[in-house]
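In what follows, a single structure is set out as structure tokens and then discussed.
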Amino acid sequence: MSAQKFKTKAGLQVATSALLECTTTAQTVLPQANTTYNIGSTAMTYSNMYATTFNGRATAANWSDLAEKYQADKKYEQGTVLAIGGTKEVTLFKKDMPLAGIVSTKPGLQLNSSDETKSWPFVCLKGRVPCKITGPCKKGNYIVAHDNGKGKARATITDAHQLIGIALADSDGETVEVKV
């Protein structure tokens, strides 16, 4: 059966190759039964969805961390270790500063994201992200905030306030994936 397009009384345009049983009003499209239809598919996805509130039972993300936008004093690369301070909320981490976190790459769950915060970096709160490091590390090492926006591997933790996370792989320097 080929796809058919039609408009509902509410003005909603629908393309379907099967019988779509639903009730439409000016504000709502309701299925005839629970969990009977999908929006999009694994092969054909929508770019963005906008709404005030999403209510449901399950959600999934292709990326792996929870991150929040913070106002930074300049633009920072992904994996950079940031501190609370500077002229805005966060700045490049230097020794003895309070740790804010790591600049995220692609957060699966994004907090404080709006047009107003568009230029602000996402700072990882929980999950897995790459982290810039100084020196080598082994899988399972603690990665602690070190200096100049980088972490450093440690076998033990001496200051829990500086703990970034745990290395998920061996690395000979530059970056390592960390579980925050």
Cβ-Cβ below 9 Å, separation at least six or inter-chain, first residue in the range 141-157 and without any contact (Cβ under 8 Å) to a residue 24 or more places away in the chain and within 16 Å of Val180 (Cβ to Cβ), second basic (Lys, Arg) and outside any loop (DSSP other than H, G, I, E, B): which pairs?
Val144/Lys152; Val144/Arg154
Tell me yes or no: at least one residue of the range 133-151 is under 22 Å from Asn62 (Cα atoms) and surrounded by fewer than 22 Cβ atoms within 10 Å (Cβ to Cβ).
no
Condition first: more than 8 Å from the chain's Cα centre (by Cα) and among the β-branched types (Val, Ile, Thr). Now tell me which residues in the range 102-119 satisfy that.
Ile102, Val103, Thr117
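Out of curiosity, is Val81 touching a residue at least 40 places away in the same chain (Cβ under 8 Å) and under 30 Å from Thr45 (Cβ atoms)?
On the way: touching a residue at least 40 places away in the same chain (Cβ under 8 Å): yes; under 30 Å from Thr45 (Cβ atoms): no.
No: the conditions fail for Val81.
Is it true that some residue in the range 79-98 is in contact with a helix residue (DSSP H, G or I) (Cβ under 8 Å, 6 or more places away or on another chain) and in a loop (DSSP other than H, G, I, E, B)? Working first, answer last.
Narrowing the range 79-98 to residues in contact with a helix residue (DSSP H, G or I) (Cβ under 8 Å, 6 or more places away or on another chain): 98.
Now restrict to residues that are in a loop (DSSP other than H, G, I, E, B): 98.
Yes, there is a match, as at least one residue in the range 79-98 is in contact with a helix residue (DSSP H, G or I) (Cβ under 8 Å, 6 or more places away or on another chain) and in a loop (DSSP other than H, G, I, E, B).
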When you go through (1) within 13 Å of Val103 (Cα to Cα); (2) in a loop (DSSP other than H, G, I, E, B); (3) charged (D, E, K, R) one by one for Lys126, which number turns out not to apply?
(2)
Qualifying residues in the range 136-168 (those that are in contact with a strand residue (DSSP E or B) (Cβ under 6 Å, 6 or more places away or on another chain) and not in a strand (DSSP E or B)) - the one farthest from Ala83 (Cα to Cα)
Lys139
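Within the range 118-132, which residues are surrounded by 12 or more Cβ atoms within 10 Å (Cβ to Cβ) and farther than 18 Å from Gly85 by Cα? Steps first, please.
Of the residues in the range 118-132, the ones surrounded by 12 or more Cβ atoms within 10 Å (Cβ to Cβ) are 120-132.
Across the range 118-132, the qualifying residues are Lys126, Gly127, Arg128, Val129, Pro130, Cys131, Lys132.
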Residues of the range 43-62 being within 20 Å of the chain's Cα centre (by Cα) and either modelled with pLDDT of 75 or more or of a type outside the set (A, V, I, L, M, F, W, C) (or both), in sequence order, are Thr45, Tyr46, Ser47, Asn48, Tyr50, Thr52, Thr53, Asn55, Gly56, Arg57, Thr59, Asn62
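The values are calculated or read from the model by the stated rules, or taken from the named source; none is laboratory data. This one's a predicted model, so the numbers in the text were calculated from it and none came from an experiment. Don't worry about glycine lacking a Cβ; one is built from the backbone with ideal geometry, like all the others, and counts go over all protein chains shown.
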